[in-house]
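Please treat every number below as a calculation from the coordinates, not as lab data. Everything numeric here is computed off the predicted structure, so don't read it as measured data. Backbone-built Cβ (ideal geometry, glycine too); neighbour counts: all protein chains shown.
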Amino acid sequence: MELLEELNSEQRLPVLDTEGAVLVLAGAGSGKTRVLISRIEYLVAEKGVSPENILAITFTNKAAGEMKERLDRVTETRRMWVCTIHSMCVKILRLYAERRGLKENFSIYSEQERAAVIKQAFKECGYDDEDILKSAKYHISNAKMLGLSPEEYGKKYRFERNIEASMKIYQKYDAHLKMNNALDFDDLLTETRALLSADGDALSYLSGRFYYIHVDEFQDTNAVQFDIIKLLSTVHGNIFAVGDDDQSIYGWRGAQIENILHFERSYPAAKVYKLERNYRSTGAILELANASIAHNSHRKGKKLWTEAPKGEKPVYFEADEELGEALYCARTISELRYRGYKLSDFAVLMRINALTRAFEQEFTKYGISYKVFGGFKFFERKEIKDVLAYLRLISNPFDSEACLRVINVPRRGIGDKTVEALLSYAEREDASVYDAVLDADMLPLSAAAKGKLKEFGSYVKELVALSQTLPVDALVDHLLKTSGMYEMYAGESDENAAKRANLDEFKNSVDEYVRMNGEASLSEYLQQVSLYSDTDEMDDGDYVTIATIHAVKGLEFRCVFLVGLEENVMPTSRAIDERDGLEEERRLMYVAITRAREKLYLTRSVSRYLYGRREPTVRSRFVEELAGVLDLPKASSGYGRYQGGYEAGTRRFSSYSGRTFQSSAVRRIGSYTEGKEEDVFGTFGGEKKPPMSFSRAPMSAVTPPETPRRDTSGYTVGARVRHARFGEGTVIAVRGQDKNLIITVHFLTVGNKDLAAALAPLEILS
C-alpha cells in the first residue's frame with residue numbers, strides 16, 4: 001500500500017506490529033512522528049479499526065495540533081482522542097466529575113494561581129516565616145508531582161526541614177481547592193489515576209473504548225502519567241510507546257527515564273524497535289552527537305546515521321567575554337544571510353536563560369531581529385492573567401481565587417478589610433467568595449463598601465448571563481470594552497502601550513481560536529489556554545530564535561549556535577556531583593546538537609559576568625569529551641597570557657566590542673600592559689597585530705566569517721546618523737579604518753553606543 005511505501009524498512013516494522021505492547025526507540029530526526037501517525041492510519045485504513053477506539057497522547061498542544069492536521073487527511077479525528085495527557089485527563093474528569101466530588105465546570109489553576117492559594121493557606125495557618133512558605137511551596141509541588149497525599153508525603157519525608165508546617169499548609173491548600181471547585185495541573189493527573197484505580201466501571205469503559213493507545217515522547221512521562229497509561233491498557237495491553245531515552249531532559253519536573261529504560265518490566269512480552277536513520281542533520285553533526293551521548297551509561301544504546309552528505313565540520317569558538325561571544329554569532333549570522341540564509345534559519349541555544357542579555361544587546365545593535373523563548377510567556381503576563389481570571393470566574397463562580405484576583409481590577413475601592421470580611425464570611429458559611437459578594441448586606445461593612453461589592457457582583461452576574469448566549473469572542477470583546485482594563489493602561493508610556501497591545505493580542509488569540517474551533521464553549525477555551533506549553537507561542541516569523549535548550553526540543557534549524565559551554569553553566573553546578581544529573585545534562589547537549597541541520601557552532605567565554613560578578617570560566621567537560629571529533633585549542637581556564645592578531649598564519653578574533661580597554665562600555669578582566677588606549681576591535685579581520693597584550697589564555701584559532709563590505713568613508717565626527725533600532729544620533733568619536741572602523745554614536749534614546757560601521761544598520765543623514 002502507498003502508506004507503507006513512504007516508510008523505510010526500520011519504520012515499517014513497528015507500524016505493522018499492531019497488537020500488544022510495542023516500544024519504538026526513535027533517535028533524533030528519525031521520523032518518529034511519521035511512524036506514529038502511519039501506525040494510526042494503518043489501523044484505520046487497513047485493519048478497519050474505528051477512530052473512537054484510538055487514543056493518541058502527546059506532550060504539547062502544538063504537537064497534538066500537528067498530529068490532528070496530518071491525520072485529518074485520512075480519517076475523522078473528531079471521533080478520535082488526539083491530545084496532551086493533561087487534556088485527556090480533563091476530558092475524563094469532566095465525564096466523571098461527580099464521582100470525584102467535583103462539579104463538571106471545575107477550574108484549572110496555573111502555577112501562579114497555585115502559589116497564590118498556598119500563600120493564603122500559609123497565612124490562615126498562622127505562619128509568618130517566609131522560610132516556611134518557601135518550604136511549603138517546594139514540598140507541595142514535590143508531593144503533587146509524586147502523587148502523594150499530605151499524610152503519605154509527610155511520613156515519607158518526615159525528616160525534611162519544615163515538613164510538619166508544610167503538610168498543614170498542604171492540607172489547607174487542598175481544602176481551598178475543593179471549596180473553589182478547582183484542580184491544579186498535578187491534580188488532573190492524580191485525580192484521574194485515583195478514578196481509574198478505584199472506579200471499576202470507569203476503568204472498564206475507558207480501557208475498553210481506547211483499544212489502541214499511542215504515546216509520543218514516552219521518555220518524558222512521570223510515574224503518575226505512566227500509571228494512568230498502564231491502567232488504560234489493562235483490558236487489552238495494546239500500547240504503542242514512541243520515545244528516545246537519549247532525549248529525556250525533564251527529570252527536574254518529574255519525568256522518569258526508567259519508564260522507557262525498563263519498559264519491558266511492565267510489559268514482559270513487549271517488542272522493541274530502533275529508529276537510527278536520521279533525516280535532519282549532516283553526517284558531521286551526527287558524528288558529534290553520537291560521540292557526546294556515548295559518554296552516558298544509563299541508556300538503551302543506538303547510533304544515528306544518515307545517507308546525507310557529511311557536510312561542514314562543526315566549529316568551536318572561544319571569546320574573551322560574553323559580548324564577544326554574542327558578536328561572533330551576530331557576525332556569522334550577517335555573513336550567512338548573504339549566502340541565502342533567513343533569520344528564521346538560526347537559533348542561539350543555551351542552558352540557562354540568564355545568558356540571553358548579551359545576545360539581545362548585540363543583535364539589537366546590528367539590526368538582527370530575534371525572539372527570546374523559555375522565559376516570560378504571553379499568557380503569564382499580569383494583564384492577560386487578569387482577563388483570564390474574569391473569564392474563569394464567569395465560567396465557574398465557585399472559583400474564589402479568580403474572584404479575589406479581579407475584585408479590585410481595575411481599582412474600584414475594595415480594600416483589604418473588605419476582602420478579609422469576604423473571606424471570613426465565606427469560610428464561616430462554607431461558601432465561595434463570589435457568594436459572599438452577593439450577600440454583601442450580611443457583612444459587617446459600611447454602606448459605601450457594601451455598595452462597591454454590589455456593583456462588582458452585578459457586573460459579574462451580567463457577564464455570567466451573557467456567557468450563556470454570546471460566543472466566546474463576542475464575550476471577550478464585551479469584557480474588554482466594559483471592564484475598564486484598557487483604561488487602566490491609558491497613559492502614553494511604553495509600558496502602558498505594551499500592555500494595551502497585549503490586550504489586543506489576547507483578543508486576536510480568542511478570535512483565532514473561535515475561527516479554528518467553531519462554537520467552542522468558554523470552558524473549552526479556558527482549558528486550551530491553561531494547557532499551553534513552552535513552544536506553543538513560537539510562530540513562523542523571520543527572526544533568530546534565542547532560547548533555552550528545553551524550549552526548542554522537537555524543533556530544528558539550519559544553523560545552531562550552542563553557547564555558554566562552560567563548567568557550572570553547561571553542565572550546571574548542581575548536576576556536576578551526581579551521575580543521574582550529569583547524564584541528563586549530557587542529554588541536553590545531545591538534544592541541542594541534534595537541532596542543527598547544516599551548520600553547528602559551539603562557543604564559550606573565557607570570562608563571564610553572571611550572577612552579579614565577573615569570573616574566569618573553565619571549558620565544559622562536554623566539549624573536552626569531543627576532542628576526538630572537534631578541533632579544540634589548548635585548554636584555557638582562568639587567565640594566561642594572550643598575544644592578539646595572527647599565530648602561524650591563522651586569524652584570531654578579538655572579541656571586544658568596545659573601543660578601548662578603559663571604555664566603560666566594556667567589562668574587562670586582565671592586566672593592560674601597554675599603559676595607553678589602543679584600538680581593540682581592529683584585530684577582527686585586520687592586517688595588523690594590536691600593540692597590546694592581555695593576561696589571559698589563548699583563544700580558539702577559529703577564522704571568523706568575512707562580513708560583506710560597506711563604504712565607511714562618510715562616518716566622521718559630527719555626522720548625523722539613523723540606526724534601525726536606536727533612532728537618530730551623532731557620531732562623537734571614530735577609531736580604525738575601512739572595514740575595521742569603530743564609531744561611537746550618541747543616541748538620545750539609549751546614550752552612547754560603540755558600533756562597527758561596516759556591520760551596523762546605519763544610515764548617514766548629514
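Before moving on, here are some points about what is shown:
- Annotation: amide H-H contacts under 5 Å for residue 182 (H modelled 1.01 Å from N, sequence separation of 5 or more, or interchain): 107.
- For the Cα trace of the range 134-276, dividing Rg by the Kirkwood Rh returns an Rg/Rh value of 1.02.
- Residues whose amide H comes within less than 5 Å of that of residue 568, counting only those at least five positions distant or on another chain, are 573 (H built at 1.01 Å from N in the peptide plane).
- The range 316-425, relative contact order [Cα under 8 Å, separation at least 6], %: 17
- The GluC sites (Glu not before Pro) of the range 1-108 meeting both criteria, a DSSP state outside H, G, I, E and B (loop) and at most 13 other C-beta atoms within 10 angstrom of the site's C-beta, are 6, 19, 76, 104.
- Here the average projected area of the convex hull drawn through the C-alpha atoms of the range 343-432 stands at 9.8 nm².
- Amide H contacts under 5 Å for residue 733, placed H, 5+ residues apart: 744
- Nearest 10 degrees, 0 to 90: helix 494-517 Cα axis against the chain principal axis: 60
- Whole-Å distance, taken between Cα centres, linking the range 714-766 and the range 337-364: 22
- J(HN,Hα) series, the range 268-280, from Karplus relation 6.51 cos²θ - 1.76 cosθ + 1.60, nearest Hz, glycine and proline x: x, 8, 4, 9, 10, 10, 10, 10, 10, 7, 9, 10, 10
- Cα-based helix-to-principal-axis angle, 322-337 vs the chain, degrees rounded to 10: 90
- Per-residue [θ]222 nm for the chain (sum of -39500 (n - 2.57) over DSSP H runs n ≥ 4, rounded to 500): -12500 deg cm²/dmol
- Relative to the longest principal axis of the Cα atoms of the chain, the long axis of helix 579-593 makes an angle of roughly 70 degrees.
- Distance between the C-alpha centres of the range 497-512 and the range 276-325: 40 Å, rounded to the whole angstrom.
- Straight-line reach from residue 342: taking Cα to Cα under 17 Å and skipping same-chain neighbours fewer than 8 places apart, the aspartates and glutamates in range are 539, 540, 542, 556, 598.
- Computed over the chain, relative contact order equals 14 percent, with contacts defined as Cα pairs under 8 Å that lie 6+ residues apart.
- Mean separation of Cα contacts under 8 Å (6+ apart) over length of the range 351-406, as relative contact order %: 22
- In straight-distance terms, cross-link reach from residue 300 covers every one of the lysines whose alpha-carbon lies under 27 Å from its own, apart from those fewer than eight places away in the same chain; here that gives 32, 230, 271, 274, 310, 553.
- Distance from the C-alpha centroid of the range 453-496 to that of the range 89-160: 30 Å, rounded to the whole angstrom.
- The shape of the range 4-50 can be summarised by an equivalent ellipsoid whose semi-axes, obtained from the alpha carbon gyration tensor, come to 18, 12, 9 Å from longest to shortest.
- Each residue of the range 710-725 was assigned a 3J(HN,Hα) from its phi angle through the Karplus expression (A = 6.51, B = -1.76, C = 1.60, θ = phi - 60°), giving 9, 5, 10, 5, x, 8, 10, 4, x, 5, 8, 9, 10, 9, 4, 10 Hz with x at Gly and Pro.
- Proximal lysines to residue 481, defined as alpha-carbon separation beneath 22 angstrom and excluding residues fewer than eight positions away on the same chain: 382, 385, 452, 454, 461, 499, 507
- Considering only the chain, percent of DSSP beta bridges that pair antiparallel, nearest 5: 40
- About the Cα centre, charge dipole magnitude for the chain (Lys/Arg +1, Asp/Glu -1 at Cβ), debye: 1720
- Sequence-ordered 3J(HN,Hα) estimates for the range 97-107 from the Karplus curve with 6.51, -1.76 and 1.60 and θ = phi - 60° stand at 4, 4, 6, 10, x, 10, 9, 4, 8, 4, 8 Hz, glycine and proline given as x.
- Restraint check, 68/91; 313/634; 62/178; 178/450, Cα-Cα greater than 24 Å: 62/178; 178/450
- With N the number of residues in the range 62-122, Rg(Cα) / (2.2 N^0.38 Å) evaluates to 1.55.
- Principal axis analysis of the Cα atoms in the range 371-510 yields extents of 51, 34, 28 Å, listed in decreasing size.
- Counting every alpha-carbon pair across the range 715-766, the share separated by more than 12 Å comes to 56%.
- For the chain, with +1 on Lys and Arg beta carbons and -1 on Asp and Glu, the positive-most of 43, 394, 724 along the dipole: 724
- With at most 12 neighbouring Cβ atoms within 10 Å, loop chymotrypsin sites (Phe, Trp or Tyr not before Pro) (DSSP) excluded, longest segment of the chain: 377-610
- Cα centre as origin, Lys/Arg/Asp/Glu Cβ charges: the range 440-484 dipole, Debye: 200
- Averaging 1/r over every pair of different alpha carbons in the range 91-161 and inverting the result gives a Kirkwood radius of 14.1 Å.
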